[in-house]
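The values are calculated or read from the model by the stated rules, or taken from the named source; none is laboratory data. All values reported here derive from a predicted model rather than from experimental measurement. Neighbour counts run over all protein chains shown; Cβ positions are idealised from the backbone, glycine included. All accessible areas refer to the heavy atoms of the entire protein, side chains included, with ligands and DNA or RNA removed. Shrake-Rupley method; radii C 1.70, N 1.55, O 1.52, S 1.80 Å.
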Amino acid sequence: DLSVEKGMVEITSRLIAYRQKLYPPEKIEEMREVEFEKAIGIREKTLADYRKEFKIVKGGDCYVITGYKSENPGVIIPGKIKDISVKIDIKAFLDCNCIQSVYIDEGVTEIRYGAFYNCKNLESITIPDSITEIGESAFYGCKGLADTNGMVIIKNILFNYLGKDVNVTIPPSV
């Protein structure tokens, strides 16, 4: 056991830790086996599970995320759903100011026009090598992604300039 000062949470050996999440035994007993396995990542999520967090449509040979339903500040976009690739649609996350970080899993192939348009609190994004296309204005207005010069640079591509200077020096790596 670990004793802590007032205002802090006491962590005991009765908590089960897995993948940086803590689960009390009582909670595990309350959860159905399938729900617990999904929560800790043992069981693959289903399309119905993803539809609780995202608006998703079938678009030909892929699934397309068209919107975000959650208020979770950390977004994990699956690379595949039922072994089918995923794309992020036009303005899918438009004005989602609750979002602070996005992790895009390997397998996602496209981020379309304005996908994260005006996500002002977005501070970090992880983009896999499987992305073959990033649409215009995909990160427009993402002030949290801008460097100290007001530039939004992702994978050595300048996506947006939010500064006020008329004359700007673009880094040689871009």
Just give me the residues in segment 85-100 being in a strand (DSSP E or B) and among the small types (Gly, Ala, Ser), in sequence order. SER85
Residues satisfying the stated conditions in segment 50-81, i.e. touching a strand residue (DSSP E or B) at 6+ places or on another chain (Cβ under 8 Å) and open to solvent by 40 Å² or more (accessible area, probe 1.4 Å): LYS55, VAL57, LYS58, ASP61, THR66, LYS69, PRO73, ILE76, LYS80
What tally of residues in segment 59-84 results from selecting those that are part of a loop (DSSP other than H, G, I, E, B) and not small (Gly, Ala, Ser)? 8
Looking only at segment 106-127, and only at residues there that are at pLDDT 90 or above and in a strand (DSSP E or B), the one that is surrounded by the fewest Cβ atoms within 10 Å (Cβ to Cβ): GLU106
So, TYR103, is that one in a strand (DSSP E or B), open to solvent by 20 Å² or more (accessible area, probe 1.4 Å) and of a type in the set (Phe, Trp, Tyr) or not? yes
Does any residue of segment 128-141 turn out to be under 24 Å from LYS52 (Cβ atoms) and at pLDDT below 90? yes
Please state which one of TYR50, TYR63, TYR23, TYR68 is of a type in the set (Phe, Trp, Tyr) and either more than 30 Å from ASN121 (Cα to Cα) or at pLDDT below 90 (or both). TYR23
